[in-house]
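Here is the structure we will look at.
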Amino acid sequence: MVSLGCARTIGNLSIVAALSILLGACSSFHLGGTPAPSAPPEQAAEPALPSSIRAEELVGKWGLASYQNPADQARTEAQAKAQCKQPYVIGAGSHGGVIMHLADQATPQELELKGSRSGKNYIGPAGPPGGPDDRVVLSFDGRVLVTRFVDPDAGNRYGNMVYVRCSPGEPAQRHHSAARR
């Protein structure tokens, strides 16, 4: 014969075992009907807003250099200016964007200028601002453009990219000026 205390223990163990089986089979629910925690929901993609930088402002010839350490920015701007002998050309796209390279791509393509709610500007392929192939514009004053790729790996490899606008060629300018007189 089973004592009353032993019967309670067996009953309680049976209930715990049954609950364990149910919870294991239904791992998406907790007691109380609350869903189990899952991966954090993806943030809704932010729609692109108009950029405060126009494509026409970027089209042209640029000296290009990069830096990792912010203390090197002024020196890097001078190095970029020296690269105007072999400039990086940002072209006008046929759909209102600019023709530039993406990280690790040999062929340039048309990229969009995208604004964001945070006030940041991005340059990248079609899609929401701040996408993995975008570069964020860190600063732009019309003469110097500083960008960094959003993708952490590309950002670390390429650093902060400094584009310094190249002056128009002097001989061509003098020739045009002389022709106008």
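Only strands (runs of 3 or more DSSP E) whose full extent lies in region 63-181 are considered here, and none of them has at least 2 residues that are at pLDDT below 95, out of contact with any His (no Cβ under 7 Å at 6 or more places or on another chain) and more than 25 Å from Pro47 (Cα to Cα). Could you tell me which residue of region 70-97 is farthest from the chain's Cα centre (by Cα), considering only residues that are surrounded by 16 or more Cβ atoms within 10 Å (Cβ to Cβ) and farther than 17 Å from Val162 by Cα? For region 70-97, the residue satisfying everything is Gly93. Quick check on region 139-162: of everything there that is free of Cβ contacts under 8 Å to residues at least 60 places away in the same chain and buried (at least 16 other Cβ atoms within 10 Å of the Cβ), which residue is nearest to Ala74 (Cα to Cα)? For region 139-162, the residue satisfying everything is Thr147.
The values are calculated or read from the model by the stated rules, or taken from the named source; none is laboratory data. Because the structure is predicted, anything quoted here is derived from the model rather than measured. Note that each Cβ is placed from the backbone with ideal geometry, even for glycine, and that neighbours are counted across all protein chains shown.
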